[in-house]
């Protein structure tokens, strides 16, 4: 067909039909492109690309902000690898002890000659005084400490303590931080002033020194009252009380922006009360900033608990924590360096992986980030 020739019959495509009726044009697809005579010889790769673009647009329009953030987080390979390592460590430390205490032969006690099962010598509190500072073996894969206690069992118990303290502290952090931050940012006025001054006073308490002070003064009383978990509860309270002001600052700033948005004004026009607006509109939209701060604060919590135990005012023997293990193993570096190096490596692994996951969460939930 030459330029001067005209087709025998011209039928408008569905895109042109829509444009004549005033409807919004749709993205081109392979089928619509094939309706044009001059484009009949268009390569299939171009037509397939048009369909792929249409599907991508449709998929992007159907994703909620949360789904889009999770998809961006899933594309961060570094964060996903670190998250997998953390999950493996946590599941291993909580589940494997039940298997470990039932795995192994029955052996005679070196001192009494009494037959011992794995439920005894694989317990993190059992002491084999005749095998002090033992090197790795088939019965004890990581060796024994200076009191003949299994290092692998104590390592798993120490990771459990670190995770439990971190979760308890973050409960304080999220609970108090969100409550005070939302109230201060939403109501303003004298409420904001009073809560802001109270937050400033709490900022004056150094978290680590406050935990050391409480551990040294109230630690024996808590341990006598609640047993080995007493020190864990006390350290969690001390770190939690000192960490929430930063979360409150983040939440207050975000609340000040959210309460000026149009959806909040629309909720007021239909008769929404302050309580309903806070619970249904403000708090759900704080999810991204709270999750980001939560993931980053866990790192400081684990380091804080390890430091308190390392200084001797945290978890006490026969209990186990990563900081307690390092404190006990520092003097035995020339005899069995694994006593200090193994818990130190575990702390480094948890802190590095949590830091990368926190960075990934921050980037994924940043509202300025686009796919």
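Brief remarks follow.
- The set of residues in the range 133-148 being closer than 16 Å to residue 100 by Cβ and either touching a strand residue (DSSP E or B) at 6+ places or on another chain (Cβ under 6 Å) or surrounded by fewer than 16 Cβ atoms within 10 Å (Cβ to Cβ) (or both) consists of 136, 137, 138, 140, 141.
- Counting the residues of the range 84-132 that are under 20 Å from residue 321 (Cβ atoms) and touching a strand residue (DSSP E or B) at 6+ places or on another chain (Cβ under 7 Å) gives 2.
- For the range 165-181, the criterion of being over 22 Å from residue 293 (Cβ atoms) and assigned by TED's automatic domain parsing to the domain that holds residue 247 is satisfied by no residue at all.
- Qualifying residue in the range 317-330 (condition: under 30 Å from residue 181 (Cα atoms) and surrounded by 19 or more Cβ atoms within 10 Å (Cβ to Cβ)): no
- Of the helices (runs of 4 or more DSSP H) entirely within the range 261-335, those holding at least 1 residues that are in contact (Cβ under 8 Å) with a residue 24 or more places away in the chain occupy 274-277, 287-310, 322-329.
- Residues that are assigned to a helix (DSSP H, G or I) and either touching a strand residue (DSSP E or B) at 6+ places or on another chain (Cβ under 6 Å) or within 18 Å of residue 306 (Cβ to Cβ) (or both) do occur in the range 193-208.
- Number of residues in the range 336-365 that are surrounded by 19 or more Cβ atoms within 10 Å (Cβ to Cβ) and free of Cβ contacts under 8 Å to residues at least 24 places away in the same chain: the value is 1.
Listed here are the residues, each with its yes/no results for (1) at pLDDT 85 or above; (2) surrounded by 12 or more Cβ atoms within 10 Å (Cβ to Cβ); (3) farther than 30 Å from residue 352 by Cα.
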| position | (1), (2), (3) |
| --- | --- |
| 82 | yes, yes, no |
| 97 | yes, yes, no |
| 100 | yes, yes, no |
| 106 | yes, no, yes |
| 110 | no, yes, yes |
| 118 | yes, yes, yes |
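- Selection status of residue 236, at pLDDT below 85 and out of contact with any strand residue (DSSP E or B) (no Cβ under 8 Å at 6 or more places or on another chain): no
- So residue 125, is it in contact with a helix residue (DSSP H, G or I) (Cβ under 9 Å, 6 or more places away or on another chain), exposed (fewer than 12 other Cβ atoms within 10 Å of the Cβ) and not assigned by TED's automatic domain parsing to the domain that holds residue 329: no
- Hits in the range 182-210 - residues which are over 18 Å from residue 253 (Cβ atoms) and more than 30 Å from the chain's Cα centre (by Cα): 190
- Taking every residue in the range 115-133 that is at positive phi and pairing it with any residue that is assigned to a helix (DSSP H, G or I), at least 6 positions away or on another chain, the pairs with Cβ-Cβ distances below 9 Å are 133/332; 133/339.
The values are calculated or read from the model by the stated rules, or taken from the named source; none is laboratory data. The model shown is predicted, which means the values in this text are computed figures rather than measured ones. Heads up, the Cβs are rebuilt from the backbone with ideal geometry, glycines too, and the neighbour counts pull from every protein chain shown.
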